[in-house]
Amino acid sequence: MVERLLIDHVGHRGDGVSFTSGQAQYVPYTLAGETVEAAAIPGQPERRKLLAVDTLSPQRIAPFCPHFGICGGCAIQHWQPESYQAWKRSIVVETLRAAKIDCEVAPLIDAHGAGRRRATFHARMGTREILKVGFSAAGSHDIIPIDRCPILDPGLKGSLEAAWALAEALKPTGKPLDIQATATNNGLDIDIRGSGPLAPPRIAALSKLTEQHRLARLTRHGELVLMRNAPEINIGAARVTLPPGSFLQATVAGEETLAALVGERIGKAKHVADLFCGVGPFALRLASRARVTALDSDAGAVAALQKAVATTSGLKPVKAETRDLFRRPLMPQEMRDYDAVVFDPPRQGAEAQVKQLAASKVPVVIAVSCNVTTFARDIRMLIEGGYKLDTVVPVDQFRHTAHVELVAKLMR
């Protein structure tokens, strides 16, 4: 059944929200004030599929990607930039207000830069043995085959062609392949997951494709297939050799912006703890002026950080260790010698570690987050522990989506 709906506003996930029926209904790719035609989605009573926009918002613009509205990668390309940026900042303001956190929220900083330097393509053999390689459709596991993605960093040039070739060699049926591509100084670093064990002829075929597409490295589930060049990136003065499938901030500009914000808020701290440090985007920069202790549960990332420290001159001492901060958070007595603590956890936040931080006497805490909901929860615990919150800075490195990064300083 087709419904005619009036869109009230854009919600926190990027969907237009309508109250025409008396209850909230969510329609993607719509804007406030628009009248649209939409249809129910089986099994999703609150969501609607957009069929047509009858009354256009004056803020609507033409999307720049031909796959927009089908591919699930971007939620918003159809909104003029100023209103989009105000909406993204409002997500932070409203979430913090709901958590009863009273603070200033700075203007949104755009950190899209040259685009995404890493992407995960999905591949599956569909009906009639037709291969699909691309991104998942919005709200679905269906794969939308794509031939280009205009939000990718130029360093990922050739990654889609390589992904198609690798998928053709593996011919995935059933569970899709995940093909993670990362742009590095030395070329494309690709890790394949979901293939299962491979016979020697398949491994040989993948090795040949690595040469043909001039990949820096190809790994399968983190295991080396072939490496032509060690995949490296620059972090401050250091060169870091990436572990297979390693986590990085989505854009170079995003990493640099977050690191600059952290560096500004550290002040004159002489001994800093970097918790959930990864390969060292903060630690390696902070070490130019302060002694750093860096901790993370990813042993490969910590090893890469240690190697980078050993091969970089001009750094103050950096102690990097593998530690699961969810199961073994730093205790207050272990933090007594730090002038500042930086923590940048995964999307689930750092509840266990924050409880210990709240009980500590660390004078400065810098919180970095990619999830405003868990950020608000963690900040609330620190405030209840006696910390005072300074301005929260939202950073947009995931342009065209509802995701937003946050940086905030707390002091005793």
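The values are calculated or read from the model by the stated rules, or taken from the named source; none is laboratory data. Predicted model, so just to flag it, every value in this text is computed and none were measured. Every residue, glycine as well, gets a Cβ built from its backbone with ideal geometry; the counts of neighbours run over all protein chains shown. Protein only, heavy atoms only, side chains kept; ligands, DNA and RNA dropped before computing areas. Shrake-Rupley method; radii C 1.70, N 1.55, O 1.52, S 1.80 Å.
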Of Ile143, Ile109, Ile151, Ile130, the only residue that is of a type in the set (A, V, I, L, M), open to solvent by 50 Å² or more (accessible area, probe 1.4 Å) and modelled with pLDDT of 90 or more is Ile109
Among residues belonging to the range 189-217 that are within 26 Å of the chain's Cα centre (by Cα) and in contact (Cβ under 8 Å) with a residue 40 or more places away in the chain, point out the one that is surrounded by the fewest Cβ atoms within 10 Å (Cβ to Cβ).
Arg193
When the residues of the range 174-188 are filtered to those that are more than 14 Å from Thr120 (Cβ to Cβ) and in contact with an Asp or Glu (Cβ under 9 Å, 6 or more places away or on another chain), which remaining residue is most open to solvent (accessible area, probe 1.4 Å)?
Asn185
Could you tell me whether the range 80-97 includes any residue that is of a type outside the set (Phe, Trp, Tyr) and part of a loop (DSSP other than H, G, I, E, B)?
yes
Against the conditions (1) more than 28 Å from Gly386 (Cβ to Cβ); (2) over 25 Å from the mean Cα position of the chain (by Cα); (3) without any contact (Cβ under 8 Å) to a residue 24 or more places away in the chain; (4) surrounded by 13 or more Cβ atoms within 10 Å (Cβ to Cβ), where does Glu334 fall short? Just the number, please.
(1)
Specify which of the listed residues (Arg118, Arg124, Arg128, Arg89) is under 18 Å from the mean Cα position of the chain (by Cα), over 29 Å from Ile383 (Cβ atoms) and among the basic types (Lys, Arg).
Arg118
Output yes when any residue across the range 17-25 is within 30 Å of Ala260 (Cβ to Cβ), hydroxyl-bearing (Ser, Thr, Tyr), buried (at least 17 other Cβ atoms within 10 Å of the Cβ) and at pLDDT 95 or above, and no when none is.
no
Give me the pairs, please: first residue somewhere in the range 101-119 and farther than 18 Å from Leu406 by Cβ, second residue anywhere and part of a strand (DSSP E or B) and of a type in the set (Ser, Thr, Tyr), beta-carbon distance under 8 Å, and either six or more positions apart or on two chains.
Arg117/Thr182; Arg118/Thr182
